[in-house]
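The values are calculated or read from the model by the stated rules, or taken from the named source; none is laboratory data. On a predicted model such as this, the values are computed, not experimentally measured, just so you know. Virtual Cβ from ideal backbone geometry, glycine too; neighbours counted across all protein chains shown. Protein only, heavy atoms only, side chains kept; ligands, DNA and RNA dropped before computing areas. Shrake-Rupley method; radii C 1.70, N 1.55, O 1.52, S 1.80 Å.
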Amino acid sequence: MSVYFISDLHLKPERPDLSRAFSSFLSHTAKGAEALYLLGDIFDAWIGDDAPVPGIEPLVSQLKQLSDSGCKIYFQHGNRDFLVGKAFTDSIGAELLPEQIVHSLPIGNALILHGDQLCTDDQEYMQFRAMVRNPAWQNEILSKPIAERIALAKQLRATSKERTAEKDDYITDVNADEVNKRLNDAHVQLMIHGHTHRPAIHKLTIEGNEATRIVLGDWESLGWYLKMDHDGYQLISFEIAK
């Protein structure tokens, strides 16, 4: 049986093609899977479990069916859907993971995370991240009316897009020293993450030991997933039909 990893789908009503591609992935590719990891930014914005993204009900049903079939589903927060809570993960039969975690996989232990915490050169973003991951800030936002939360989400997305466009590529990518430190601290040789929209398999040497960093791709014109079983792994892309 295979284990699958996806991230950065950025599902939103304006892109029904992404929802169709995800639905096809769930019903065909992930059918019979041992586990499915959703590593953040599955949604372009999430303003609370009491106000889910419009039109996702069929996907929720599919995910729950997949879970009920025996596939273990894991959800990890991204920088767009950090307000996903237990009510939503319960509705899809998923386990909500902490920011980073070591899991035993078919090819060994791996450090699993969304990846934004690795971008330490972007100090402005790291300050923003610390704010929005603060439980007190989140509780304050969730207490606001839905209309106010929608407006805030649009503002945050617009600001993020504008600021990111102004920054050099190296600033918005991971910091190599941070990657090495987290792998060392976790005592593993494999890291899996998304966030950067730079899909690749990086071979590393850390203090004389070989390690691997697998970066998942974002779903835009292509969809990306990592397939893993006892024989190895593949980072796979496919065309998203409009």
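A single entry from K167, K144, K154 fulfils the requirement of being closer than 20 Å to D49 by Cα, modelled with pLDDT under 95 and of a type in the set (K, R): K154. For the stretch 81-95, filtering for residues that are under 22 Å from I214 (Cβ atoms) and touching a Lys or Arg at 6+ places or on another chain (Cβ under 8 Å) leaves 1. Look at (1) part of a strand (DSSP E or B); (2) surrounded by 14 or more Cβ atoms within 10 Å (Cβ to Cβ); (3) of a type outside the set (D, E, K, R) and you find that S104 fails only one, number (2).
Go through the stretch 1-21 and give me each residue that's under 20 Å from N79 (Cα atoms) and open to solvent by less than 40 Å² (accessible area, probe 1.4 Å).
Listed by number, the residues that qualify are F5, I6, S7, D8, L9, H10, L11, R15, L18, S19.
Name the pairs: first residue in the stretch 98-111 and over 12 Å from M228 (Cβ atoms), second residue hydroxyl-bearing (S, T, Y), Cβ to Cβ under 9 Å, at least 6 apart or on different chains? Pairs that qualify, where the first residue is over 12 Å from M228 (Cβ atoms) and the partner is hydroxyl-bearing (S, T, Y), are I101/Y74. Could you run through the stretch 47-68 and say how many residues are surrounded by 16 or more Cβ atoms within 10 Å (Cβ to Cβ), among the hydrophobic types (A, V, I, L, M, F, W, C) and within 20 Å of D17 (Cβ to Cβ)? Residues in the stretch 47-68 being surrounded by 16 or more Cβ atoms within 10 Å (Cβ to Cβ), among the hydrophobic types (A, V, I, L, M, F, W, C) and within 20 Å of D17 (Cβ to Cβ): 4 in total.
Residues in the stretch 217-242 that are open to solvent by less than 30 Å² (accessible area, probe 1.4 Å) and either on the phi > 0 side of the Ramachandran plot or in a loop (DSSP other than H, G, I, E, B) (or both): G217, W219, G232, I240. When the test is whether a residue is of a type in the set (G, A, S) and open to solvent by 30 Å² or more (accessible area, probe 1.4 Å), A110 does not pass it. Scanning the stretch 201-216 for any residue that is open to solvent by less than 50 Å² (accessible area, probe 1.4 Å), in contact (Cβ under 8 Å) with a residue 60 or more places away in the chain and outside any strand (DSSP E or B) turns up at least one such residue.
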